[in-house]
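Q: Here it is, the structure in full.
Derivation of every value follows stated rules applied to the coordinates shown; laboratory data play no part. Keep in mind that this is a model prediction, so the values were computed, not measured. Please note: Cβ atoms are built from the backbone with ideal geometry, for glycine as well, and neighbour counts cover all protein chains shown.
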Amino acid sequence: MADTSTKQRETRAQFVDEPETRIGGDTTKVIRSAMKKRQESSRGNNNDDDATAIVSSPLLTSTPPTISKALVKLYPHLIVADRFLTLVTWSGEDIWPSILMVILYVTLLLYFEKITTYFGHLAIVAVIWGYSLLDKHVEETLNSRPTLDDIVHTMKGVITKADMLLSPITVLSAQDIRKFLFTTAFLSPVYIIITLFILPPRKFLLFGGVYLLTYNSPWSMVTRTLLWRFKFVRLLIFYVTGLDSGGINKNQGIFAAVQKQVKKLSTGSDGATVEDGKPIRFTYVLYENQRRWLGIGWTSSMLSYERASWTDEFLNEAPSPDNFKLPEESSGMLWKWVDKTWRLDMTNDGAIQLSSARPKTTASPNADDGFIYYDNTWKKPTTEDSFSKYTRRRRWIRTAELMKTSSFGLDEIDTTHNVVDNSSGSNHKRVVSQNSVASTVPKSETDSDPDSATATGSRRRVSFSEVDNVHIIPSDDDADTDTDQKDLKRHNQQEDYSTENPLDVVRPPQDSKG
Amino acid sequence: MSNTGGVSAEYRCYSKFIYNHGQKPSLTRATDSKISSVLHRFYPMLIIFDGALNNIMWMCEDICLPFIYMVMITLVIDMLSLCETSASSGKSVFGKISTLWLGMIGFVVLLYSFLYYVVTVYQDLDQYEPPTLDDIVILLESVIDKLETIRKETVSRTLRIRTWLDVLKFAIFLTPIQYVLMRYLSVRDYALGVVVCCLLVHSIWFQSTFRLFWRVLATRIAYFSVLSIFHDRKQIIYSPLIDPSTVNEKTSATIFVPYAQPMHKMSGNKLQLELLKLYPLNNVINGISKMPCPGVIAINIYIVHENQRKWKPNNVWEPKLLPYEKPKYCIELNGHLNACKSPWEYQESLAEDWEWLDDCWKPSEWAYSDSDWNVIGHNDSLEAYTRTKIWRRRVFKVFK
């Protein structure tokens, strides 16, 4: 008894010191309840409980009462949510409750009529009873005076499980879902025929529900990874959902390819003309595809099996200009835009003849500028819109440059020439020359003179496909000087054609997880 | 030097006061990083959960949205019932196809709007400014409030089911109703009705209609009479008004104290005073025996409740009460409440041989309670609709 009382005095002294340092406010109440708990527990065994009580005190004192109050109120709900998520994600140590849940679901759905007819009223009573039991449980947990650490721990568990549950959804983008919806609406007659003759809606709900409930179960994961190895399955999923599930990390995929290629280029292993430290100009090319829908007009909604609304020139899906970000710097390399904005290529890669008075590119085009029109199957291109044309596309370009940040001051770079200048120079000088380029290039682009672009020096246009290719196209005037690059281009193109089928690049979304 | 020091200290105090005046300190700096980080990770889930609760409770900015969802759910149920033999036989192929198509579109729209919501929540949190801790806590509190509201309504307003016995009672009570319903309704209509009712409960239309009905006295009487079948509420006996001699006969709380030798000579007031000295009102008395026998004094305590209800429009407390609840005055008798006359009328009708032990009735404070007689506290408040005052007085009888 005397032992506990001295301990109490000790702690009290500790707590009196604390409030001066904390900004949160008065937590005497919380502390008192914690101490009460500690007193109780210290009656049982002394040493262990003392340790835990001391651990919990820093969190208590450093949390404002508003937050701790809200958290304590949330705690019972958290426990319920935790139990539920454990059931659904099959993450509990005991998986039998989860199996029971699936069996219950199946029985309920199979014998719904009978259950409703004979036990409908009891089901309602049972639900309310279950709820009041839950409520009793909630009250009991509130009376058990949880510590903040308990709450934080439970919260972490809930977050992890919820993330697990939502992970298949959060990898999708809003665009994917729009595509999803469109595909389903488009294919709904097919689905109706299927449900009418093969799979009635009830059965569909049964299978769908069981699939969703067992989505996170170990067997389901193994089955999915096994099935994913069949190309047929992948094809089927692609056609049903309209979703290129290999392209979930698409944006990173493109840039990963860029980086790989850049690394290759900068090390000069393939005989490219690029040495360390010299900025390389790339022109990113994006194609904007549109389809005409009867009654709606031109929209960027495409059919599920055709190209995406934004692609590169090999019809691989690409991010739209608003979402297009240059890749992060890699090993001392830095990407930087040269053009201020994306510019529309009014000639659409030379297909449209423009009068010499009009600029070749523009940053703020009209909604219908620069399109080439195709029929329903992307054939028979014309520059004019007509009733038989259902698709169209136009070309956007923007130049960026890649330079070495680590090699500052080691060698001076003359960015206006493609040839390396080996004379050493100051860091300062280099920066100046950088700036001049950044400012001159957009100016030259806005000029009406098409040749002024080439006057800034050698420009290489690069477009990236998903198949690990950087496509370097020498600008026309430099064609004779950069024969090496031309070779490179030809080489890359060959690779592109060999992997023309976009389906080849479909990858499972969760291979790494499964 | 000391003077300037004092002035500067004063200034410092003053500026500190101004700094705190009118603005709450931000929670962000005052909170442990461990808790802030967990709360931040929890935030998207909170938003999603809050959105779901808003839809269930019809608290969205756009009230059409829950309605649209409800229509969609109805369509889906309609589609699911298609394979029922009784329902599908009456329909033409065209009707069947249209039901299927509508149900499917409903299902798809529901599914994708959920997916879209989740995806956009995560995207927006990524793209835009991250939330402050205050944002998170405000959202957290609103979610807790909503959960609490649902809890209160489900647990206290509807059927109170605590044990197996309640379930059994309900089963017996509801089975005939279910039987009748099933004779006239198809399973589809039954399921549809239940689902639509559940979805509509929190809508403003349902709530206002419900409140209008609740104002009708007949509704309440019916509700409480049904309820009284299931709950062993403290039974209240309304008639006849019980009189003191009956209380003395029936009560089991009579205490017998020894009729000591010195008391034998006393009578009337002297005896009363002596007893009061020995047994003050607020003390617990330990009796000596359970049965009346010669040489004891029986002491009974009368506990009379005075009940009042607050009436609109002037918020006046009046002894006028609703027919199904406690009467104006009632006396506690063996755990039940029994209607009785007012304490003052009681005073005059004391049974033979019994004498008052206390000089007068001792009232307690008013205890204020809500419309269901759940005690709130000792002060009047907006929530309080009823109040109770407890009067106590003891009687005694000598067995010689």
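Q: Ignoring everything except DSSP H segments at least 4 long, calculate the 222 nm mean residue ellipticity for chain B; use -39,500 (n - 2.57) per segment, divide by total residues, nearest 500.
A: So the calculated ellipticity at 222 nm is -17000 deg cm²/dmol.
Q: Please list the three semi-axes, largest first and in whole Å, of the ellipsoid equivalent to chain B, using sqrt of 5 times the eigenvalues of its alpha carbon gyration tensor.
A: 60, 41, 18
Q: Next question, about the same structure. How would you rank A:His153, B:His305, going from fewest to most other Cβ atoms within 10 Å of each one's own Cβ? Write out the running numbers ahead of the final one.
A: Numbers: A:His153 14, B:His305 19.
Fewest to most other Cβ atoms nearby, the residues stand as A:His153, B:His305.
Q: I would also like to ask the following. By the gyration tensor of its Cα atoms, with a ≥ b ≥ c the square roots of the eigenvalues, what is the shape of the stretch B:164-227: rounded for a/c under 1.5, prolate for a/b over b/c, or oblate? It would help to have the intermediate numbers written out before the result.
A: Values: a/c = 2.01, a/b = 1.17, b/c = 1.72.
Note, shape of the stretch B:164-227 comes out oblate.
Q: Please give the charge dipole size of the stretch A:172-241, origin at the Cα centre, charges +1 on K and R Cβ atoms and -1 on D and E Cβ atoms. Round to the nearest 20 debye.
A: 140
Q: By count of other Cβ within 10 Å, fewest leading, how are B:Trp214, A:Trp396 ordered?
A: Ordered from fewest to most neighbouring Cβ atoms within 10 Å, B:Trp214, A:Trp396 come out as B:Trp214, A:Trp396.
Q: Is the shape of the stretch A:277-406 best called rounded, prolate or oblate, per the rule: a/c under 1.5 gives rounded, else a/b larger than b/c gives prolate, else oblate, with a ≥ b ≥ c the square roots of the Cα gyration tensor eigenvalues?
A: prolate
Q: By how many degrees, 0 to 90 and rounded to 10, does the Cα axis of helix B:93-127 deviate from the longest principal axis of chain B?
A: 80
Q: Let me ask another. With springs only between Cα atoms under 10 Å, which of B:Thr219, B:Thr386, B:Thr246 fluctuates most in a Gaussian network model of chain B?
A: B:Thr246
Q: In debye, nearest 20, what is the charge dipole magnitude of the stretch A:107-249 about its Cα centre with +1 on Lys and Arg Cβ and -1 on Asp and Glu Cβ, if you could check?
A: Value, rounded to 20: 660 debye.
Q: Among the listed pairs B:Lys250/B:Lys362; A:Lys73/B:Lys326; A:Lys156/A:Lys179; A:Lys114/A:Lys161, which have their C-alpha atoms separated by more than 29 angstrom in this model?
A: A:Lys73/B:Lys326; A:Lys156/A:Lys179; A:Lys114/A:Lys161
Q: Where the convex hull is taken over the Cα atoms of the stretch B:233-399, what is its projected area averaged over directions, in nm²?
A: 10.8
Q: Calculate I(q)/I(0) for the stretch A:125-218 by the Debye formula, one identical point scatterer on each C-alpha and no solvent, and give its log10 at q = 0.15 Å⁻¹ to two decimals.
A: Evaluating at q = 0.15 Å⁻¹ gives log10 I(q)/I(0) of -0.96.
Q: Using amide H atoms built in the peptide plane, which far-off residues or other-chain residues are under 5 Å from B:Val296 H to H?
A: Residues meeting the amide H criterion: B:Tyr259, B:Phe399.
Q: Treating the angle as unsigned and between 0 and 90°, give the value, to the nearest 10°, between the Cα long axis of helix B:2-20 and the longest Cα principal axis of chain B.
A: 70
Q: Name the residue, out of B:Thr99, B:Thr254, B:Thr175, whose mean-square fluctuation peaks in a Gaussian network model built on chain B with Cα pairs under 10 Å.
A: Checking each option, the largest mean-square fluctuation is seen for B:Thr175.
Q: Does anyone have the angle between helix B:268-278 and the longest principal axis of chain B? Alpha-carbon axes, 0 to 90°, nearest 10?
A: 50
Q: Now for a separate question. Which of B:Ile285, B:Ile237, B:Ile150 moves most in a GNM of chain B, Cα contacts under 10 Å?
A: B:Ile285
Q: Take every Cα-Cα distance within the stretch A:54-169, group them into 5 Å bins from 0 onward, and report for each bin the whole-number percent of pairs it holds.
A: All Cα pairs considered, the percentages come to 2, 10, 14, 16, 17, 15, 11, 7, 4, 2, 2, 0.
Q: Apply the Debye scattering formula to the stretch A:172-241, with a single equal point scatterer on each alpha-carbon and no solvent, then give log10 I(q)/I(0) at q = 0.15 Å⁻¹.
A: Here the Debye-derived log intensity ratios amount to -0.69.
Q: So, one more: Mind sorting B:Arg41, A:Arg358, A:Arg281 by how few other Cβ atoms lie within 10 Å of their own Cβ, fewest first?
A: Fewest-to-most ranking of B:Arg41, A:Arg358, A:Arg281: A:Arg358, B:Arg41, A:Arg281.
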